[in-house]
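The block underneath contains the structure these notes are about, expressed in structure tokens.
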Amino acid sequence: MSNTRSYMGKGSIYLRERGATTGLLPIGNASALTLTLNEDKKEQKDYEEAGGAVTSSVSRISSVTGALTALDFNKGNLEKALRGLVTAHTGAAQSNEAQTANLGAFVKFDNLPDLTQTITVTNVGATVTYTVDLDYEIKNGGIRILDTPTVITDGLAIEVNYTSVTSTIIEGLTVSGKQYELVFDGLNEADSGKSSLVTLHKTNFNPAAALDLIGDEFGELAMTFDVLKDTAIVGATLSKFFNMVLQD
């Protein structure tokens, strides 16, 4: 009988903040999940004969690390990858928002405008209304003053009126790292879809090394994390790091 068992993993990843009362929440589609066991190995060399060799060795696990590649740029994943503070903005009318117009320059609104609604640009006091495509052009997050506008002058104080969209605001690198329980609810596509369940008891995510903002391919959110020892787990036969349950 062959003992060969190939593996091609698929499945869903769930996270729960340590100490939280919420359930395990999905991170969405992910293309990779990898664990790495890092070894600290000490070797004693043979100095009695030519050629060396090793007479004794001791191997210890120095750390357990992991990496996952999330394909969903949802606010939960961005919060972890960017260690960000996440807040919500509810869309509403924005009246007389003060801005400054510089020729050829982008004017960033305080909130994302709803481009299906009217945007009005005036001077302070609204005695003069400026004309789109003659004085400015509408962009995704505001307006750009034309290089040679009809009426607007360089450095002019203006007011903008628009309707903002409901949005998520992430203030990057403002929150210290949180610890999570990570569960992989998987299957082995190379073995009739048999189930596999992996639990990492205590993980700490590192800030993402890169964030894809422009590209021709779908963006990927690569994250790394440390698998920490969970000292609350007691028992000589129980791992303080992770366990795996594989269907026979």
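All of the numbers you see were taken from the coordinates with simple rules; none came from a lab. These figures come from a predicted structure and were not determined experimentally. Cβ coordinates were reconstructed from backbone atoms using ideal geometry, including for glycine residues, and neighbour counts include every protein chain displayed.
Tabulated values for the structure
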item: Relative contact order %, the chain, counting alpha carbon pairs below 8 Å whose residues are six or more apart; result: 24
item: Extension reserve of the N29-S62 stretch, reckoned as 0.36 nm per residue once the Cα distance is removed; result: 8.8 nm
item: Rg followed by Dmax, in Å, when the chain is reduced to its Cα trace; result: 27.7, 97
item: Nitroxide proxy distance, nm - points 7 Å out along Cα→Cβ at R144 and A92; result: 3.2
item: Top of Y180, Y14, Y47 by mean-square fluctuation, Gaussian network on the chain, Cα under 10 Å; result: Y47
item: T36-R5 pseudo-label distance in nm [points 7 Å out on the Cα-to-Cβ vector]; result: 2.6
item: Most fluctuating residue given options K41, K108, K229, as computed from a GNM of the chain linking Cα atoms under 10 Å; result: K41
item: FRET efficiency for A190 and L71, using Cβ-Cβ distance with R0 set to 30 Å, rounded to 0.05; result: 0.90
item: Helix-only CD estimate at 222 nm, as mean residue ellipticity for the chain, using -39500 (n - 2.57) per DSSP H run (n ≥ 4); result: -1000 deg cm²/dmol
item: Spatial separation of Cα centroids for region 43-85 and region 179-202, in angstrom; result: 20
item: Fluctuation leader among S59, S176, S195 - the chain, Gaussian network, Cα springs under 10 angstrom; result: S59
item: Cβ charges +1 (Lys, Arg) and -1 (Asp, Glu), total dipole of region 91-165, debye; result: 100
item: Region 71-95 residues near the modelled Q117 label - backbone nitrogen below 19 Å, point 7 Å along Cα→Cβ; result: 88-95
item: Taking N as its residue count, the alpha carbon Rg of region 91-165 over 2.2 N^0.38 Å; result: 0.98
